[in-house]
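Enquirer: Got a structure for you, written out below as structure tokens; questions coming shortly.
Bear in mind these aren't lab numbers, they're just calculated from the coordinates by the rules spelled out. None of the values given here were measured: they were computed from a predicted structure. Using ideal geometry, Cβ is built from the backbone for each residue, glycine included, and neighbour counts are taken over all protein chains shown.
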Amino acid sequence: MISTRLLGTPTDSGSGGQRAVTMEKIASLCKRRGFVFQSSEVYGGLGSCWDYGPLGVELKRNITEAWWRDMITSREDMVGLDAAILMHPRVWEASGHLAGFTDPLVDCKVCKHRFRADQLTEPRCPDCGGELTESRNFNLMFKTFMGPVEDTASVVYLRPETAQGIFVNFQNVLNAARQKIPFGIGQIGKSFRNEITPGNFLFRTREFEQMEIEFFVKPGEDEMWHRYWKQTRFDWYLKYGIDRARLRLREHGADELAHYAKGCADVEYEFPFGWSELEGIANRGDFDLKQHAEFSGKDLSFFDEERRERFVPYVIEPSAGVGRPLLAFLVDAYDEEVVQDETRVVLRLDPRLAPVKAAVFPLMRKEGQPEKALAIRDLLKRHFAVAYDQAGAIGRRYRRQDEIGTPFGITVDHETMQNDTVTVRERDSMQQVRMPVERLVDELRARVTADRAGVVATAL
Ligand code: ATP
């Protein structure tokens, strides 16, 4: 069904309220607690490359799995793909990347720093005020060689987007998966861009992951499907808890559109450094399939059996990164509040995204409480990512879990040893209830998988 709801009017000013979050706080929390480390840090780091640590990798997997479940496996009109990063060099000729995937680059003649000409507001170097060179086009694709000989015939590129792997497999998937238009192919994978000015932590990196959909439709139905995907993708971020006031859909102006695109809109989030793109949703017309048909000499059209007509499908492309949404979920979830004269840092992540779903604590290190808590940890571990912590005061242990967004804290105490009940503390409200150990798995599952609104309404 095509949704007829309209996307709400974006609030350009954001929610207006003061936020505790800054990029410095997020970057420092990420490093301290093991979400994200700088790549090759022991060697001084490698520019704009990041490694996901034990908590980061769980968060990232939860995001990509949520996307995969919502966009692919729960739908009848979508299938998945995992294409190789290295592709035939002709792909990039056909797609236009070899000739046109460039940014205008200028150098400072004095300090030698490099900038994207289109991001400068002044005609001089922003770092030292020096004179800049003429702008020249710089191709963002990483080049390498396939095989032992480093000559022009063996040049291959690291893909700058996952999309082309989908286009060149269009006929394969159509035949193998017996799909009919309209249908889509989704893919999650690494992409590489030799960005001139990377920065803002995970926001702009040279190696990153994308979650992309190419949705193939009948020409004439493309605008309806474009509206549908803008709404669907916008709603997806809200479903996982992004503040509505900090999310907007920005339509591209005619001057921003690629020459073949019929329309494009970006889902943008208000980061501490301003409104920035999380995902682009473009109506690409029939450009991609036509280009690949021409360059490969293969027929990439679709034959509609019912109507007895052949056509080249139009494509709607919702194209998201993984790092940018991950950063938005972290920034949006970050909160500080004063509880009993102490500042509590809490990540109010949706429980489905939280890297650890529950932590188990023995109140005291005696009476067999640690052994009981470990047994509960082992029981839960078969179903969820859980942590165990017996070090320090219980309040400190709760705080450590609040800071990484663990939605539930389970405490084993004196009473547990008598009647096999535990207390379950909910992260956001800090309320506690007692419940029998035998109900824990079902209760946690219900609360961890529920829509966030449901979780709040039925807070423990
Ligand atoms: P920008 O204008 O910010 O460079 P873009 O419009 O070139 O982005 P697309 O080509 O539309 O980006 O890529 C789709 C998505 O892939 C982006 O919305 C973003 O989430 C992600 N992405 C693109 N480039 C990067 C990058 N250098 N680092 C991290 N994510 C990226």
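Enquirer: Using R₀ = 45 Å, calculate the FRET efficiency as 1/(1 + (r/R₀)^6) where r is the Cβ-Cβ separation of GLU24 and GLU305; round to 0.05.
Expert: The computed FRET efficiency comes out at 0.15.
Enquirer: Also: Run the quick spin-label model on GLU277 and HIS259: label points 7 Å from Cα toward the beta carbon, then report their separation in nm to one decimal.
Expert: 1.9
Enquirer: Could you tell me which of the pairs LYS180/LYS239; LYS218/LYS298; LYS25/LYS357; LYS190/LYS230; LYS60/LYS190 are separated by over 25 angstrom between their Cα atoms in the structure shown?
Expert: Long pairs (Cα-Cα over 25 Å): LYS180/LYS239.
Enquirer: Same structure again: Measure nothing fancy, just the Cα-based angle from helix 222-239's long axis to the longest principal axis of the chain, in degrees from 0 to 90, nearest 10.
Expert: Here the helix axis deviates by roughly 20 degrees.
Enquirer: Follow-up question, since we're still on this one. Give me the aspartates and glutamates in straight-line cross-link reach of LYS143: C-alpha distance below 15 Å, same-chain residues under 8 apart excluded.
Expert: GLU93, ASP151, GLU161, GLU195, GLU207
Enquirer: Helix 369-381 versus the longest principal axis of the chain: what is the Cα-based angle in degrees, 0 to 90, to the nearest 10?
Expert: 30
Enquirer: For LYS239 and GLU443, what is the calculated FRET efficiency with R₀ set at 25 Å and r taken between the beta-carbons, to the nearest 0.05?
Expert: Calculated value: 0.70.
Enquirer: Tell me, what is the FRET efficiency for ASN137 and ASN419 to the nearest 0.05, using R0 = 60 angstrom and their Cβ-Cβ distance as r?
Expert: 0.25
Enquirer: Going by the alpha-carbon gyration tensor, a ≥ b ≥ c the square roots of its eigenvalues, is region 48-110 rounded (a/c under 1.5) or, if a/c is not under 1.5, prolate (a/b greater than b/c) versus oblate?
Expert: Oblate shape, in that a/c is at least 1.5 and b/c is the bigger or equal ratio.
Enquirer: Report the Cα-based extents of the chain along its three principal axes, largest first, to the nearest Å.
Expert: In descending order, the Cα extents are 76, 67, 52 Å.
Enquirer: Roughly what % of DSSP beta bridges within the chain run antiparallel, to the nearest 5?
Expert: Percentage antiparallel, nearest 5: 85.
Enquirer: How far apart, in nm, are the 7 Å Cα→Cβ label points at VAL149 and THR197?
Expert: With each label placed 7 Å out from Cα toward Cβ, I get 4.2 nm.
Enquirer: While we're on this one: Ordered by packing density, taken as the mean number of other Cβ atoms within 10 Å over each peptide's residues, highest first, how do 304-311, 235-242 rank? Each step should come with its number before you reach the end.
Expert: Numbers: 304-311: 9.5, 235-242: 18.2.
Per-residue Cβ counts within 10 Å, averaged per peptide and sorted highest first, yield 235-242, 304-311.
Enquirer: For a quick protection proxy, order the peptides 362-369, 296-303 by their average other-Cβ count within 10 Å, most packed first.
Expert: Peptide ranking by packing, descending: 362-369, 296-303.
Enquirer: Can you give the net charge of the other residues whose Cβ lies under 12 Å from the Cβ of MET224, counting K and R as +1 and D and E as -1? Present the calculation step by step, with values, prior to reporting the outcome.
Expert: Numbers: positive: LYS218, ARG227, LYS230; negative: GLU221, ASP222, GLU223.
Summing Lys and Arg as +1 and Asp and Glu as -1 gives 0.
Enquirer: Could the peptides 350-359, 225-234 be put in order, highest first, of the mean number of other beta-carbon atoms found within 10 Å of their residues?
Expert: Taking the mean over residues of other Cβ atoms within 10 Å, the ranking is 350-359, 225-234.
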